[in-house]
1. Based on this model, can you work out whether Gly245 counts as over 23 Å from Asn384 (Cα atoms), outside any loop (DSSP other than H, G, I, E, B) and touching a Pro at 6+ places or on another chain (Cβ under 9 Å)?
2. Taking the range 226-245, which residues are out of contact with any helix residue (DSSP H, G or I) (no Cβ under 8 Å at 6 or more places or on another chain) and of a type in the set (A, V, I, L, M, F, W, C)?
3. State all residues of the range 425-448 that are free of Cβ contacts under 8 Å to residues at least 60 places away in the same chain, surrounded by 15 or more Cβ atoms within 10 Å (Cβ to Cβ) and more than 14 Å from Ser460 (Cα to Cα); if no residue qualifies, say none.
4. Where the second residue is open to solvent by less than 10 Å² (accessible area, probe 1.4 Å) and among the charged types (D, E, K, R) and the first is in contact (Cβ under 8 Å) with a residue 60 or more places away in the chain and closer than 23 Å to Ser26 by Cβ and lies in the range 406-424, which pairs have Cβ atoms under 8 Å and are six or more apart or on separate chains?
5. Show the residue pairs that are 6+ apart or on different chains and have beta-carbon atoms under 8 Å apart, the first residue being within the range 280-295 and closer than 12 Å to His252 by Cα, the second being assigned to a loop (DSSP other than H, G, I, E, B) and aromatic (Phe, Trp, Tyr).
6. Looking at this structure, is Ser91 over 25 Å from Ser412 (Cα atoms) and touching a residue at least 40 places away in the same chain (Cβ under 8 Å)?
7. How about the range 165-221: which of its residues are part of a helix (DSSP H, G or I), farther than 18 Å from His276 by Cβ and among the hydrophobic types (A, V, I, L, M, F, W, C)?
8. Mind counting the residues in the range 317-352 that are within 14 Å of Pro403 (Cβ to Cβ), open to solvent by 70 Å² or more (accessible area, probe 1.4 Å) and within 20 Å of the chain's Cα centre (by Cα)?
Amino acid sequence: MVIGACKENRLNVEVYETSAAGNKLSPITTLDINGQIEPEIRLLPDKKFQTITGFGGSFTEASAYLLNQLSKENRQKVIEAYFGKEGAKYSLTRTHMNSCDFSVSNYSYAPVESDTNLEHFSIEEDRDDIIPMIKDAIAVSEDGFKILASPWTAPPWMKDNKDWRGGKLLPEYYDTWALFFSKYVDAYKSEGIDIWGFTVENEPLGNDSNWESMHYTPDEMTAFVQNHLGPKLGADGKGHVKILGYDQNREHLNEWVDEMYKDEASSKYFSGTAIHWYASTFEVFPEALQYAHEKAPHKHLIQSEACVDAQVPEWKDDAWYWSKEATDWGWDWAPEDQKHMHPKYVPVYRYARDIIGCLNNWVDGWIDWNMVLDRQGGPNWFKNWCVAPVLVDPEADEVYFTPLYHTMAHFSKFIRPGAQRIGHEMNADGLLVTAAKNPDGTFAVVVLNQEEVPKSFTLSLDDESIQINISGKALQTIIIPGGTPEA
């Protein structure tokens, strides 16, 4: 809605706001006044950057297990909220191959030792929870969504330490492990579920052997992809399935892309790089993201996991998600010279700031971690509690959409796959901004105001402009309809 006298060069917009004061993706009115005011955000549609792959969250056993315990009505409410036409319209998702920390127990699709041909491979473990959740999402998603699958570990019998945690894949099982990926695609395809891509290994640097993990060095992962996984997928008619390397925190990104993209042979089978946001509490590592893009400008750069970690979630307390109370995994143990990297932070700001910062530095997809967790921040067999955008109390059959859900929707609902990030100029202090042009020709502008006080700015496109008012402690998505659809 727009209020004000209609004049020739007024920009027509729709504005949606989520704020600490209580707006939740709420349509708001904007005040159009005569003449421009400072500050200004000017869109530059001729300056084009990356094409957007999508936004979304992860299908974990924990989330699916909890949905199974809700009433049919509440289960459907959550699915619709994430994937339905009136919901967040998630377009890029992730799931785990074999178990992970957010599983109810340890399991593998290849449990039989020395089964090098994987004759006993089975996704039976997923049939009661993950697969039904994905199918329900497919049923309500009008545009569909992509699925990125990640292993936390090979089965212990393939590893040098014979354990779920830590250790390395034994070289004699490299071909078997590559076959595992290929059989996974076939098994899910038989369920009517297409796998868009893989990451080679979740967190190859390890996590102190806390839960399912398997270690690679950059050269080991590159060799596995170059000589085993890439050729196997190609030979089995699955060369279209994306392979993303790395899949851990941004502070080590440079050394991984240096190895992955050192020459044509090493980079041939990599479709891109995956990153996590952990260790990005105090900044988004823009230099590392820029470096990764410059190393492989035509390949994907996808943020594949993020959450408010090491935290029991707050139940039905919106104010907490807008307050500087969250801590990360390094808050308690970081040495003094690294304390500045682990400050307390505002959950909504960190999400919005990270997504905006990633988009403005060539990231083309951004995936949250668990879609649904319980009041404890689980279930999680390791008791590694975390926060999800949607929390549930299965015993009471209650669902709580935290402000993080609405924060994600500001991007996923309005910046659609195939959109292209465009440039902008601004002199609006205290605001963070990103902008994209959607395939249908609409423009989406996301603005974050982290200050207590409301702000006003002029939004300009070509020779049209309008004044926008954003509340204090608020996130807005501004939609400019019309325009020329992208070819």
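The values are calculated or read from the model by the stated rules, or taken from the named source; none is laboratory data. Everything quoted here is computed from the prediction, not taken from an experiment. Using ideal geometry, Cβ is built from the backbone for each residue, glycine included, and neighbour counts are taken over all protein chains shown. When the accessible area is computed, the model is the full protein with side chains, heavy atoms only, and any ligands, DNA or RNA have been set aside. Shrake-Rupley method; radii C 1.70, N 1.55, O 1.52, S 1.80 Å.
1. Yes, satisfied.
2. Ala235, Leu244
3. If we filter the range 425-448 for residues that are free of Cβ contacts under 8 Å to residues at least 60 places away in the same chain, which is where we start, we get 430, 438-442, 444.
Still in the list and also surrounded by 15 or more Cβ atoms within 10 Å (Cβ to Cβ): 438-439, 442, 444.
Asn438, Pro439, Thr442 - these are the residues of the range 425-448 that are free of Cβ contacts under 8 Å to residues at least 60 places away in the same chain, surrounded by 15 or more Cβ atoms within 10 Å (Cβ to Cβ) and more than 14 Å from Ser460 (Cα to Cα).
4. That search, which allows pairs on different chains as well, returns Met408/Asp368.
5. Sorted first by the residue in the range 280-295, then by its partner, the pairs are Leu289/Trp362; Ala292/Trp362.
6. no
7. Trp177, Ala178, Leu179, Phe180, Phe181, Val185, Ala187
8. Going through the range 317-352 one residue at a time, the tally reaches 0.
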